[in-house]
1. Determine which member of the set ALA161, ALA177, ALA185, ALA204 is surrounded by 15 or more Cβ atoms within 10 Å (Cβ to Cβ), of a type in the set (A, V, I, L, M, F, W, C) and modelled with pLDDT under 95.
2. Kindly check whether there is at least one residue in the stretch 218-227 that is in a helix (DSSP H, G or I) and either in contact with a helix residue (DSSP H, G or I) (Cβ under 7 Å, 6 or more places away or on another chain) or β-branched (Val, Ile, Thr) (or both).
3. Determine which member of the set LEU165, LEU136, LEU175 is of a type outside the set (Val, Ile, Thr) and assigned to a helix (DSSP H, G or I).
4. Being surrounded by fewer than 20 Cβ atoms within 10 Å (Cβ to Cβ) and without any contact (Cβ under 8 Å) to a residue 12 or more places away in the chain narrows it down to one of ASN105, ASN86, so name that one.
5. Check off (1) modelled with pLDDT of 95 or more; (2) within 20 Å of PHE26 (Cβ to Cβ) for ASN86 and give me the number that stays unchecked.
6. State whether one or more residues within the stretch 207-215 are outside the structural domain of LEU77 (by TED's automatic domain parsing), in a strand (DSSP E or B), of a type outside the set (Phe, Trp, Tyr) and surrounded by fewer than 19 Cβ atoms within 10 Å (Cβ to Cβ).
Amino acid sequence: MIDFLDAAIKANKEILDVIKNNTHEFLCEDISLGFGGDVSKRVDIIAEDIFIKHLEVFGDILTEERGLVEGDGEFNLIIDPIDGSNNFASNIPYFGTSVALKKGNDRVASVITNLATKEIFYKENKKFQKAKLDNLIFKGVVANRCSSIGIFERSYCSDFAYDILKSQKIKFRSLGAFALSLAYAREVDFVIYEGKRRVYDVEAGLHMCEDLYILEEDDFLLISKDKEIFAKISQLFKKREN
């Protein structure tokens, strides 16, 4: 699926050029209410247009800002044009893009890019690699065995997970870009998301994490690279159901 990767790389590089060559105030202007329910900033709209231009040849595109855009190929694509828009607007260097390529219900390939660090993650079948956009030397992703914290996205509006983790003194951070956090799942002890999940936020990330330990419920998602950590945390949440 080299052509898909090449198209995604070109799209991300073009988005970086837009960020470099325009003022922050211009890119952060609120434009409209997006299909996903959030207010779309100008950078969201521009990034979406760039992705559609490069990827519509592969098939229909479902994107957070515009909804369904018909394409020409046999695949379906799910895109979050800017993952972590609020981080971008706040000059917090943790924001990027997310693209999943599907054929029917099957995830075929995915690309997640951290635009702040220019780190790009690519998975096709069981091959998961990363590189930097400025050199594109892809290497296999290796799990970090020195990690000591997890990532808990949306912890600020938690109904139950925050209290459970706090009671056990389990350390975490909330970083504000869910697709990126899933791409980095092998770097940390775990990734947790509480609340309703939108397909734009998770499709590419779940593809990258499908060989890890996963507990997936309607209002809760737990992913961990570590069997013991996964067992401990998942048991805590199972107890609340009893």
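The values are calculated or read from the model by the stated rules, or taken from the named source; none is laboratory data. The shown structure was predicted, so the numbers you read here are calculated from the model rather than taken from an experiment. Note that each Cβ is placed from the backbone with ideal geometry, even for glycine, and that neighbours are counted across all protein chains shown.
1. Details: ALA177 fails: modelled with pLDDT under 95; ALA185 fails: modelled with pLDDT under 95; ALA204 fails: modelled with pLDDT under 95.
Exactly one of ALA161, ALA177, ALA185, ALA204 is surrounded by 15 or more Cβ atoms within 10 Å (Cβ to Cβ), of a type in the set (A, V, I, L, M, F, W, C) and modelled with pLDDT under 95, namely ALA161.
2. Within the stretch 218-227, the first condition is being in a helix (DSSP H, G or I), and the residues that meet it are 227.
Subset that is either in contact with a helix residue (DSSP H, G or I) (Cβ under 7 Å, 6 or more places away or on another chain) or β-branched (Val, Ile, Thr) (or both): none.
Within the stretch 218-227, none of the residues are in a helix (DSSP H, G or I) and either in contact with a helix residue (DSSP H, G or I) (Cβ under 7 Å, 6 or more places away or on another chain) or β-branched (Val, Ile, Thr) (or both).
3. After applying the criteria, what remains is LEU165.
4. On the way: ASN86 fails: without any contact (Cβ under 8 Å) to a residue 12 or more places away in the chain.
Exactly one of ASN105, ASN86 is surrounded by fewer than 20 Cβ atoms within 10 Å (Cβ to Cβ) and without any contact (Cβ under 8 Å) to a residue 12 or more places away in the chain, namely ASN105.
5. Failed condition: (1).
6. Scanning the stretch 207-215 turns up at least one residue that is outside the structural domain of LEU77 (by TED's automatic domain parsing), in a strand (DSSP E or B), of a type outside the set (Phe, Trp, Tyr) and surrounded by fewer than 19 Cβ atoms within 10 Å (Cβ to Cβ).
To keep it simple, each residue is scored yes or no on (1) surrounded by fewer than 15 Cβ atoms within 10 Å (Cβ to Cβ); (2) modelled with pLDDT under 95; (3) closer than 16 Å to LEU115 by Cα.
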| site | (1), (2), (3) |
| --- | --- |
| ASP6 | yes, no, no |
| GLU14 | no, no, yes |
| LYS20 | yes, no, yes |
| PHE26 | yes, no, no |
| GLY37 | yes, yes, no |
| ILE46 | no, no, yes |
